[in-house]
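In what follows, a single structure is set out as structure tokens and then discussed.
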Amino acid sequence: MKTRLWLLAGATLAMALATGCKPKGAQSALSGDAASKVYVAPGQHDEFYNIVSGGFNGQMSVVGLPSGRVFKAILPVFSVHPENGWGFSEETKPMLNTSHGFVPWDDLHHIAISTTNAEHDARWAFGNANNTPRIARVDLTTFKTVEIIEIPNSGGNHSSPFITENTEYVVAGTRFSVPTGDDASRDVPIDTYKENFKGTISFISVDKDHGDMEIAFQLEAPPFNFDLARAGKKKSHGWFFFSTYNTEMAHTLLEVNASQKDKDFIMAVNWKKAEEYIKQGKGKKVKAKYAHNKWDEDTHMATSVIKEEVLSLDPRELKDIIYFIPCPKSPHGTDTDPTGEYIVGSGKLAAIIPVFSFTKMLQAIENQDFEGSVDGMPVLRYESVLHGEVEKPGLGPLHTEFDGRGNAYTSFFVSSEVVKWNIETLQVLDRVPTFYSVGHLMIPGGPTGKPHGKYLVAYNKISKDRYLPTGPELAHTAQLYDISGDKMQLLLDFPTVGEPHYAEAFPASLIKDKQVKFFPLEKNKHPRAAKGINDARVERDGNKVHIYMTTIRSNFRPDNIEGIRVGDEVYFHVTNLEQDWDVPHGFAVKGANTAELLVMPGETATLRWDPDRVGVFPFYCTDFCSALHQEMQGYIRVSPAGSNVPLKYSTGLTE
Ligand code: K7E
Ligand code: CUA
């Protein structure tokens, strides 16, 4: 009977988890002065840049706060983008290379903005690929993805990318444990999970000056699911905290089998200790195949290198790297407060929010106050590490952000609300409904040591009735709250692009005067650049034809091309000669099986075109670049295979 009751309760909870509860009074939550607080007058700029993950669109978007205006709906990262040729041009294809070959899509959940001394410096935005594990780095002076590194020995790169306080490392924890190392390509039965599967945590170093990433080391870990993470900061600098679920180590029907235990763990990692072991030569190199792709802003090209090994540390042998903190129950987010003292666990199925104390954790380690071990790694006693529990906070806690004034804000998926509570006293101070089923929260600077506690954005999973409907799929949604006073106040709903999970925002002043306006032509080292109209030409090399083409308002050179044959591989190498801000030219040719190119001033980009039939094909500029944009066009003539029509090209010579 007990079991049946439990099952029933389980089913109700499961239903609530799946659908969310709908808060009452959906329409009446807005107060009178809200509009003026989000109004940014025409010609004025927003106070914050908000970089938002696109979830299953594999991209990021760039939003202004408080207005909610979208500046860049799509910043391609792990997906192709026909609008500008990302993943279609010859130069960008290597960015999407992996050990599995070209992978033109992924699922991007988390953004990490680079920090120095635990404050945003906003040089780079990092994003994770969940499905085929990768981490990308976006340069925030060009808003372009400049590096992608694949993560080997990982499956479901969800606990990623989270960064240390000086961006020493970006971490990547595997969500799915998998056979790793030499076993990675072994044919093992799934029900040998406990023996053959492993978790891994990758620490990826980031070059202080240029941002270049390398996998510094991987930690082996038990075959749990690693969900989210946060670095320690300030007093807890040198530590990292990972939430885990499925410490039951189930491999099927996790919905039930991974919800058995009363507590899972937050895994505390002493990465400074790991560094010491590496210095002592205690890491071992293991086989691991992964791609490392970099963009070069001088050649305007990406290169992809396949690497073959990583440095691995086994914390079962190397003591004092890993400790487990018991955490109720199937925690999703784990977040560290701005002082670095408090570690908040959000158990999706827990009725309380546990807050752990870093000081107490160190004490418990020192006193060997353990209640057990996992594979020889100590499990600390819950009560010894606990600062306290927030009582009756809500249902289904997911993520916590901080305002820098001693308050925490936790999202509740099931009860669809944001709850504000005091970190010291653990008292609930305020709660507001979200519409509906909130996932991540975002306060500008919220995960850093210096939050700008003025606004909070709730990224909601379901928008239901909030917008005009658009068929079976409705807009995803964000909601902006004013959190500057005692009570939170809803200011604005705005629809979002893709399915946002996490986002980070920082003061616009950090980067707005550092934007690259154009690429200097004299620095263009692209081997097929045409750096002036006199360099424009066409060359044949067997069946390959290279067209060195220039663009400037408002013509292509050359714009008449003849002597191309069916079966040729034609490469349009388009150099944009403009040296001014915001004058891209587009290039599109009829029948191309790829996309257009959108070439920035001073840049060279290449489109491959395989003419499959005889005829004359127009090409044209796609970006309305001047009053004579519509005149920016040309023709390419394709003759039969084997024809002896001579190669000929011109601009304006035949009139
Ligand atoms: Cu959506 Cu961060 Cu993937 Cu929670 S995760 S919501
Ligand atoms: Cu160039 Cu339109």
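Read-outs throughout are calculated quantities, based only on the coordinates presented, and are distinct from any laboratory measurement. Predicted, not measured: the structure shown is a model, and the values here were computed from it. All Cβ positions, glycine included, derive from the backbone under ideal geometry; neighbour counts span all protein chains shown.
Please name whichever of Ala530, Tyr649, Tyr635 sits farthest to the positive end of the charge dipole of the stretch 521-650, dipole taken about the Cα centre and charges placed at Cβ: Lys and Arg +1, Asp and Glu -1.
Towards the positive end, the residue furthest out is Tyr649.
So what's the net charge close to Lys329: Lys and Arg +1, Asp and Glu -1, counting the other residues with Cβ under 15 Å from its Cβ?
Surrounding charge for Lys329 is -3.
At a Förster distance of 45 Å, what's the computed FRET efficiency of Asn117 paired with Arg540, Cβ-Cβ distance as r, to 0.05?
Between Asn117 and Arg540 the formula returns 0.20.
Sorted by mean Cβ packing within 10 Å, highest first, what order do the peptides 290-303, 160-173, 352-365 take?
Listed from highest to lowest mean packing, they are 160-173, 352-365, 290-303.
Please sort through the DSSP H helices of the chain and keep those with an alpha-carbon extent of at least 18 Å along the long axis and a Kyte-Doolittle average not below -0.5.
Membrane-span-like by this rule: 2-19.
Share of antiparallel DSSP beta bridges in the stretch 521-650, in percent to the nearest 5?
Rounded to the nearest five, the antiparallel share is 70 percent.
Where the centroid of each part is defined by its Cα atoms, how far is the stretch 484-540 from the stretch 579-655 in Å?
Taking the Cα centre of the stretch 579-655 as reference, the centre of the stretch 484-540 is 25 Å away.
In vacuum, with every alpha carbon of the stretch 562-618 counted as one equal point scatterer, what does the Debye formula give for log10 I(q)/I(0) at q = 0.12, 0.21, 0.31 Å⁻¹? Two decimals, please.
The Debye formula, applied to the Cα set alone, gives -0.33, -0.80, -1.27.
Based on alpha-carbon positions alone, could you give the equivalent ellipsoid semi-axes of the stretch 215-273 from the gyration tensor, as √(5λ), descending, whole Å?
With the √(5λ) rule applied to the stretch 215-273, the semi-axes are 26, 13, 8 Å.
Please compute the contact order of the stretch 521-650 in relative form: average sequence separation of alpha-carbon pairs under 8 Å and at least six residues apart, divided by the residue count, as a percent.
Numbers: 337 pairs, mean separation 37.8, N = 130.
That works out to 29 percent.
Going 7 Å from the Cα of Lys285 along its beta-carbon direction, which residues of the stretch 195-220 have the amide nitrogen within less than 16 Å of the resulting point?
Under 16 Å, as judged by backbone N against the label point of Lys285, lie 215-218 of the stretch 195-220.
Residue separation times 0.36 nm, minus the C-alpha to C-alpha distance between Glu473 and Trp105: what's the value?
130.5 nm
Please list, in order along the stretch 333-342, the HN-Hα scalar couplings obtained from phi with the Karplus expression 6.51 cos²θ - 1.76 cosθ + 1.60 (θ = phi - 60°), rounded to whole Hz, x for Gly and Pro.
x, 10, 9, 10, 6, x, 7, x, 7, 10
For Tyr620, Tyr548, what's the fewest-to-most ordering of other Cβ within 10 Å of each Cβ?
So the residues, fewest neighbours to most, are Tyr620, Tyr548.
Counting Lys +1, Arg +1, Asp -1, Glu -1, what net charge surrounds Leu318 among other residues with beta carbon under 14 Å of its beta carbon?
After counting each charged neighbour, the total is 0.
If you average 1/r over every pair of different alpha-carbon atoms in the stretch 261-329 and take one over that average, what Kirkwood value in Å do you get?
15.2 Å
Put +1 on the Cβ of each Lys and Arg and -1 on the Cβ of each Asp and Glu in the chain; which of Val583, Thr410, Thr303 then has its Cα farthest toward the positive end of the dipole?
With unit charges placed on the Cβ atoms, the residue in question is Thr410.
Which value, to two decimals, describes the C-alpha radius of gyration of the stretch 395-467 once divided by 2.2 N^0.38 Å?
Output field value: 1.07.
Can you sort Thr622, Thr142, Thr132 from fewest to most other Cβ atoms within 10 Å of each residue's own Cβ?
By the 10 Å Cβ count, ascending: Thr142, Thr622, Thr132.
Take the cross-link list Lys208/Lys307; Lys450/Lys514; Lys208/Lys273; Lys233/Lys289; Lys194/Lys285 and give me the ones stretching past 25 Å between alpha-carbons.
Lys233/Lys289
In debye, nearest 20: dipole of the chain around its Cα centre with unit charges on the Cβ of K, R (+) and D, E (-)?
580 debye
Rounded to the nearest 20 Debye, what is the dipole magnitude of the stretch 521-650 about its Cα centre when Lys and Arg each give +1 and Asp and Glu each give -1 at the C-beta?
400 debye
Count charges around Val385 for me, please; just the other residues with Cβ under 9 Å from its Cβ, Lys/Arg as +1, Asp/Glu as -1.
0
For the chain, calculate the relative contact order in percent as a whole number, restricting contacts to Cα pairs under 8 Å that are 6 or more residues apart.
12 percent
Given a Förster distance of 56 Å, report the FRET efficiency between Asp314 and Gln630 from their Cβ-Cβ distance, rounded to the nearest 0.05.
Computed FRET efficiency for Asp314 and Gln630: 0.30.
Hey, got the dipole for the stretch 451-494? About the Cα centre, +1 on K and R Cβ, -1 on D and E Cβ, debye to the nearest 20?
60 debye
Express in nm, to one decimal, how much length is gained between Ala184 and Lys307 on full extension, taking 0.36 nm for each residue of separation and deducting their alpha carbon distance. Please list the in-between numbers first.
On the way: separation 123, 0.36 × 123 = 44.28 nm, distance 1.53 nm.
Answer, rounded to one decimal: 42.8 nm.
What's the Kirkwood radius of the stretch 472-624 in Å, using all Cα pairs? Walk me through the numbers on the way to the answer.
Working: mean 1/r = 0.0528 Å⁻¹.
Answer for the stretch 472-624: a Kirkwood hydrodynamic radius of 18.9 Å.
Would you please state the base-10 log of I(q)/I(0) at q = 0.19, 0.23, 0.24, 0.26 1/Å for the stretch 26-116, with intensities from the Debye formula using one equal scatterer on every alpha carbon?
Here the Debye-derived log intensity ratios amount to -0.95, -1.12, -1.16, -1.22.
Treat the chain as a sphere of radius equal to its Kirkwood radius over Cα pairs and apply Stokes-Einstein at 10 °C in a medium of 1.306 mPa s; give the translational diffusion coefficient in µm²/s, rounded to a whole number.
60 µm²/s
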